[in-house]
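Nothing in this text is a laboratory measurement; each read-out follows from the coordinates by a stated rule. What you are looking at is a predicted structure, and each value in this text was computed from that prediction instead of being measured. With ideal geometry, Cβ positions are generated from the backbone for all residues, glycine too; neighbour counts draw on all protein chains shown.
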Amino acid sequence: MHDETSQTRARGRTAGAARTTPDDAHTGRVLDGRYQIRGRIARGGMASVYEALDLRLDRTVAVKIMHAGLGDATAGDEEFAARFVREARSAARLSHPNVVSVFDQGEDQGTVYLAMELVPGHTLRDTIAKEAPMSPERALALLDPVLSALGSAHRAGLVHRDVKPENVLIADDGRIKVADFGLAKAISADTQHTATNGVLIGTVSYLAPELVIDGQADARADVYAAGVILFELLTGRKPHTGETPIAVAYKHVHQDVPAPSSEVPGIPDYVDALVARATCRDRTLRPADAGVLLHHAHRVTQALHAGVREDPELVADLLPSARVDTTPEPVSQLWDESLFAERAHRASRESTSVIEQPAARRTPPPAEPDRAAPAPAAGPPRRRRGMVLLLLAALVAAAVGGGAYWFGWARYTSTPSVVGLEQTAAERELEDAGLEVEVTDPIYSESVPKGEVIESDPSAGERILPDGTVTLTVSLGPERYDVPDLSGMTVEQAQAALAEHRLLLGRQTERWSETVDKGQVIRSDPRFDSKAAKDLPVDSTVDVVVSKGREPIQVESWVGRDAGEAKEAIKALGLKVDVVGREHSDTVAEGGVIDQDPVEGTLYKGDTVELVVSMGPELVEVPGVFGQSTEEAISELEAAGLEVQVERAQIYFDGTRAWSTNPGAGDVVPEGSTVTLYVV
């Protein structure tokens, strides 16, 4: 058996993480002149997976190459190659967002290959290793797309046959895809065996009991494997372990999968029931396919989201009947067809012996009559009376057997298959079969289109009385919700609003905001009322941008610097500038900032900074003092705010009269300027 412990798994790695193998003959090769092999990223029992460049479309793909020797006619193993080719055809038929797409299939000089979608990321096995045991909500959220993908395959008539965490890829953007439909075959009468040359296909830890016993596989084998994965997500371990694969397989056949709550206390009983239903060893008691199991999983998810801790009705509905009934002989077995036939045959055999026994017995010779007494005349009537009693007993036995057959079997009819039909078509088919129809509340489904029947009770092929009632569950289609308007809400309010729409709060990014108070949501991503915010699946995450409040602005001092530059710089910060005055200044040049309010500190956008701008020093006119006495001239110049320096003129007598000034009379100079007074 192919055990996952014997396989090297590195699925979905990016180009940088691809593991190159220098000794691998395929590395660097170009298949069919199109696919340039870069490095191996996974190796399985039948094939290896490589990262490759599609030279024609200039895109990175994954190329699966079958191992050398498989499919070689001389090796007597052409069936492997045929199965490998069927994989491409089978997987190409599946168009589903949760299924790894197959692009191409070919053969190049004896190398058989598939080209398929490359999913950068990790596997569900990695998530189990990091997160398990995990909450039921998280476990079911991870399993939901897996069941949706398998349900799509089952509706297309395909069985995966190797469902396990290693074949579930989780992309870096959160998308979940099921890979490796390489063991899938079309479900038909001649492809029911999953054994090849005595070797079971599939991984032993996830093999359904019927695969171990007789190699028979249908959709219910995938359902079993999905149930085992759910157990592993909830508990962090596999339900059956052993020292050898044979020991593990033996446990799958002879031991039930334990309840997850036995490993992790606190798990609701209806989650235990869901695992029990999916992993029932009797496959007739399992969901018919992954689509039906997905429906049950949604019911459990709804109960979890509603905070329900106990739901006896849901538990009773989910548990397989063989596990619900605790009587020595379950009711379901009493009406088992083969068991009933055996009992009817035994009753028939017993009634036949009652009838035939008198005829087979030899009548003893009559005793010689007593000559003194007359021959008895009562003998023949006594024998006839015994024959009548025996005949009556036989008739009673036959009547009882026939009645049992009628009441237990013959009066029943079979429920027609209506799953997947439109509601009106399903009702018409059931009514044509003489059955009553009852439609229960519709439910959402990711895999069954709106208006089609998801499930019938009794299900297809089960016995039902004529005029009996069949209950239909109709799909509402995928459960989708729009992102509500979260702006202005607190984070807690936004989380509650999203929960009402079955959505989850994602990343919280903080931004400054001039209009939204601190701690409130500015906007969501996707944005409310945008196209991307419409019709989101349940449990989709919505990111939010949360306000940090108004952005603080640090103000610097512009005193003594050019007022024009100051105004431009302050406005660029989102502040307003107001020149509240202009004054003369002996220390600040004209156009410079004399004063600023505030000089420094923290402001917010829209606040105002006030400036006082310099007009430079005050100017005065030099007065005319020609002919005045030296004392009078000095006094007048000083009264005008000027400093006076006395010097002799070119013509000089005694220095008692003013002759001229420099600057000259009538010139305008700054107050406090020095004027030279020339005297004669």
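Net charge near Ala460: determine it from the other residues with C-beta under 13 Å of the C-beta of Ala460, scoring Lys and Arg +1 and Asp and Glu -1. The partial results should precede the final answer.
Values: positive: Arg463; negative: Asp289, Glu429, Glu455, Asp457, Glu462.
For residues surrounding Ala460, the net value is -4.
As a calculated quantity, the FRET efficiency between Glu568 and Thr490 at R0 = 51 Å, using C-beta atoms, amounts to about 0.85. Compared with the direct C-alpha span, the chain from Val559 to Glu131 gains 148.0 nm at full extension, assuming 0.36 nm per residue. Have a look at the DSSP beta bridges in segment 552-616 and tell me what percent are antiparallel, nearest 5. Taking every DSSP beta bridge within segment 552-616, about 55 percent pair in antiparallel fashion. Within the straight-line cut-off of under 20 Å between alpha carbons, the aspartates and glutamates reachable from Lys130 are Glu4, Asp144, Glu166, Asp172, Asp173, Glu232, Glu263, sequence neighbours fewer than 8 places apart in one chain being disregarded.
Which of rounded, prolate, oblate describes segment 413-474, given a ≥ b ≥ c as roots of the alpha-carbon gyration tensor eigenvalues and a/c under 1.5 marking rounded, otherwise prolate only if a/b is larger than b/c? Can you show the working numbers first?
On the way: a/c = 2.03, a/b = 1.88, b/c = 1.08.
Prolate is the answer for segment 413-474, as a/c is 1.5 or above and a/b outweighs b/c.
Subtracting the Cα-Cα distance of Gln216 and Lys576 from 0.36 nm times their residue separation leaves 121.5 nm of extension gain.
With r as the distance between the Cβ atoms of Ser530 and Val30 and R0 = 51 Å, compute the FRET efficiency 1/(1 + (r/R0)^6) and round to 0.05. Intermediate results must be reported in sequence, preceding the final value.
Values: r = 44 Å, r/R0 = 0.86.
In this case the efficiency is close to 0.70.
Would segment 426-560 count as rounded, prolate or oblate if I go by the C-alpha gyration tensor, calling it rounded below 1.5 in a/c and otherwise prolate when a/b exceeds b/c, oblate otherwise? Cα axes put segment 426-560 in the prolate bin. Which shape class, rounded, prolate or oblate, goes with segment 563-617 when its Cα gyration tensor gives a ≥ b ≥ c as root eigenvalues, a/c under 1.5 marks rounded, and past that a/b bigger than b/c marks prolate? It comes out prolate by the Cα gyration axes. Return the percentage of antiparallel bridges among DSSP beta bridges fully within segment 413-474, rounded to the nearest 5 %. Around 65 percent antiparallel, to the nearest 5.
Evaluate E = 1/(1 + (r/R0)^6) for Ala247 and Asp441, where r is the Cβ-Cβ distance and R0 equals 45 Å; express this FRET efficiency to the nearest 0.05.
On the way: r = 46 Å, r/R0 = 1.01.
It comes out at approximately 0.50.
Near Thr608, the amide H atoms lying under 5 Å from its own belong to Lys576; only residues 5 or more places off or on other chains count, and H is placed 1.01 Å from N.
For segment 237-293, trypsin sites (Lys or Arg not before Pro) are listed when DSSP marks them as loop and at most 16 other Cβ atoms sit within 10 Å of their Cβ; the list is Arg237.
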